[in-house]
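Just below is one structure, and these are the notes that go with it.
Every number here is computed from the coordinates shown, using simple stated rules; none is lab data. Because the structure is a prediction, the values reported are computed rather than measured. Using ideal geometry, Cβ is built from the backbone for each residue, glycine included, and neighbour counts are taken over all protein chains shown.
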Amino acid sequence: MTWFKASRFAGFLTLAYLAVSPPPTARAFPVAQETLRSVVSVLPVWPGRPQGGRGAPLGSSPEGSGVVVAKGGLIATAYHVVEPAERIDIRLSDGRIVPAALVGFDAASDLALLKADIDLPVFKTGAVPAPGSPVCSIGNAYGLGVSVACGVVSAYPVTNAGFNEVEDFIQTDAAANPGSSGGALVDRDGKLVGMMSAIFAASGGTNIGVNFAVSAELLVRVVTNLAQDGAVAYQDPGWQLDVLPAALQRHVSGVLVAAVEAGGAAARSGVQSRDILRRIGGRAVQKPRDAVAALALANPGQMITVTLMRNGGEITLKLPLAGSSVSRAAGNRDATCPYTPRLCAMRQAVFPVAAYDPLASATRIGPDLLVTNRHVVADESTARVFTPEGPVEAVVIPSSYGGDLALLRAGGLPEGGAFFDLKGSPATAGPLHVIGADPARREVRVFPGGLQTLGPSPEALYGRLQVTSFMQPGVSGGALVGQDGRLAGIAVGGGEGRFEAIPAEDVQALLEGRQDVDADKTQQRLGQALRSCADRVGAPGVPGEAAETRLADTCARAQNLGLMIESGQVLGRLGAYDKAISLHQQAVEQAPNSLNARLSLLVSLQLAGRFEAMLPHARFLLEHAEPEADLVRRILQAAVWGGDRSLAERVVALMEENNMRAAASARRFLENPPPAPPSRHP
């Protein structure tokens, strides 16, 4: 699925903005002529292209629509319709064409205000009808003049469609066609409830009935500011918000206050880091973009109530919004990246790459140097780096560094492009985001952020950062980056909220290893062992002592944390418990703070019935990992059958405190446990 702004691509005849047939279930209603007169056709003239209109040649400037919002000829439209325009005319319902002037625009919400010397009826605005209620879109469909198409309200509010930095959308299946951008969405009383703006479309450009209109509330707020001041000021409370950890989402809705800036409105009102933000004014907040929308609706100087959860209790605070404050969203003009400008700019420093792993990422650390994961290249001597200008070949540079990093040198990288400076201190505090390749979108993007939960252990041979920053296939070798664009580490992977990255300091060790006389031998030895291990994990062969031994020995030689974990899991399923435990123990020794390594060792020890040996790892995971139901169950079994009553009491209390479904049975298990399963050996 792709998405399109309502008329962004008009005039190219793949013309994919706003096109759909009316759904058969749409509930139509009569629309008064007075209402139709409040909608006009917008005829911009784009550079080097003739004006659109009836009889215009192919490649003409796209047409749009507009709604009359105030006396004096003030007309609102979509900014993307008029953004490059050298001249703007409007066509009235009686066929007259009159010139219009651009009063102002707000790129963050994709709204613009025009003024023309006309006297037309002004729309009255109405509240958004409930989902399922009938609505009609009115616009200049296909440049044929104002027409009507009806459907229903599908959802409201939609704040994360991904079109604009500030979104307060009504989703509707009311038909929208080329030229409808800037048109009206009205209720059965003819009141303006929204302005048509954008759609989701199938890959062929066909509309799938998922259309979006800017709410009348946001429209009025923006055009009022544009009419009075020629610009729009959004509010910045001075906080950084993030999604809640998965474990908390089972019990409470809201977003995490990841950081609070000293002296900002949030700090002055008493908001604290680690609070859970649940409401702003009368609006629920379930994701960070909900907060952006709620604040966008507030006027400068307004005092707004926020509802927070802190230490299990709910509190309300008054948040003062200074009139001179401007939100980050308003200052960042890239609608595809709703984060800080510096963070978004560092997308230039990450590239899709293919080698042994055909789908990964590489992070640029110099004019011709990149770093990726060793498991991406294995023993390959070259890799393909995909730049905006096309693929280029990179050479793998040997290094004696033994962790999961590999160095690449590539000519033909974009001149003057961004790269990460390793001389400064790495990012550690605040939200951290992964920048990496997204195969589904075919782009390098910034993924949702998270926090660092654990740093590398001081005794780690090759340490790992434990983060809640989202990762998915394709990002291995990508960059873990702070809000200020500094590098925190190189993404490795993980799952179920336990994601890992290699610290930025290790990249320096990788570079220094180039000078070692054994660099070539180390690169070859580890690369060949990694390939052999990965191939055997994918196809372990006929079960048996010989095959299990070859798998265990090969993967131990590879010294790759992820493959030691994965091969140990394969051996555990085959019943080779001692070999599984040995590999997982090596993984923990390499990175003691790796939650994935600890959990894998915990499981292999449990499968072998060695409950007392589970205890140190159970205590560590209870302290540092999210208390997921399966993990808590394993820790409880280790505590009860391993003989640690105090740990077992802590686990049951945690389950009862969080209202976990199995809390009652856990209490019974603690008080009257069955005999422990016998220890098993291969």
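Of K124/K318; K521/K579; K71/K191, which pairs sit farther than 21 Å apart, going by alpha carbon to alpha carbon? Listed pairs above 21 Å: K124/K318; K521/K579. Working from Cα pairs under 8 Å separated by at least six residues, relative contact order for the chain is 8 percent. Neighbour counting of Cβ atoms within 10 Å sorts the residues T172, T159, fewest neighbours leading, into T159, T172. Of the options (i) 1.11; (ii) 1.27; (iii) 1.07, only one is Cα Rg over 2.2 N^0.38 Å as computed from these coordinates, and that is (i).
Since only S93, Q515, G450 are under comparison, the one whose Cα sits farthest along the positive direction of the charge dipole of the chain, derived from C-beta charges on Lys, Arg, Asp and Glu, is S93.
Applying the Karplus relation 6.51 cos²θ - 1.76 cosθ + 1.60 with θ = phi - 60° to the stretch 87-97 yields 3J(HN,Hα) values of 8, 10, 10, 10, 10, 8, 5, 8, x, 5, 10 Hz, where x marks Gly and Pro. Here the contact order of the stretch 341-511, divided by its residue count and restricted to Cα pairs under 8 Å and six or more residues apart, works out to 24 percent. Based on DSSP H runs of at least 4 residues, each adding -39500 (n - 2.57), what is the mean residue ellipticity at 222 nm of the chain after dividing by all its residues, to the nearest 500 deg cm²/dmol? It lands at -8000 deg cm²/dmol.
Ordering Q606, Q235, G390 by Cα displacement along the dipole of the chain toward the positive end leaves Q235 in first place; charges were set at the Cβ atoms of Lys, Arg (+1) and Asp, Glu (-1).
Treating the beta-carbon of each Lys and Arg as +1 and of each Asp and Glu as -1, no other charges, what is the dipole magnitude of the stretch 341-511 about its Cα centre, to the nearest 20 debye?
Details: 13 positive and 17 negative charges, 74 e Å.
The dipole magnitude comes to about 360 debye.
The modelled label-to-label distance for the pair R384/S457, using points 7 Å beyond Cα in the direction of Cβ, is 4.0 nm.
Using the number of other C-beta atoms within 10 angstrom as an exposure proxy, rank H251, H584 with the fewest first. Before the final figure, lay out each step's value.
Working: H251 11, H584 28.
Least crowded to most crowded, the residues run H251, H584.
The angle between the Cα long axis of helix 611-624 and the longest principal axis of the Cα atoms of the chain comes to about 30 degrees, rounded to the nearest 10.
In the chain, the longest principal axis of the Cα atoms and the axis of helix 629-642 are about 20 degrees apart. When only Cα pairs below 8 angstrom with a gap of at least 6 residues are kept, the stretch 452-581 shows a relative contact order of 15 percent. The trypsin sites (Lys or Arg not before Pro) of the stretch 410-451 meeting both criteria, a DSSP state outside H, G, I, E and B (loop) and at most 16 other C-beta atoms within 10 angstrom of the site's C-beta, are K423, R441, R442.
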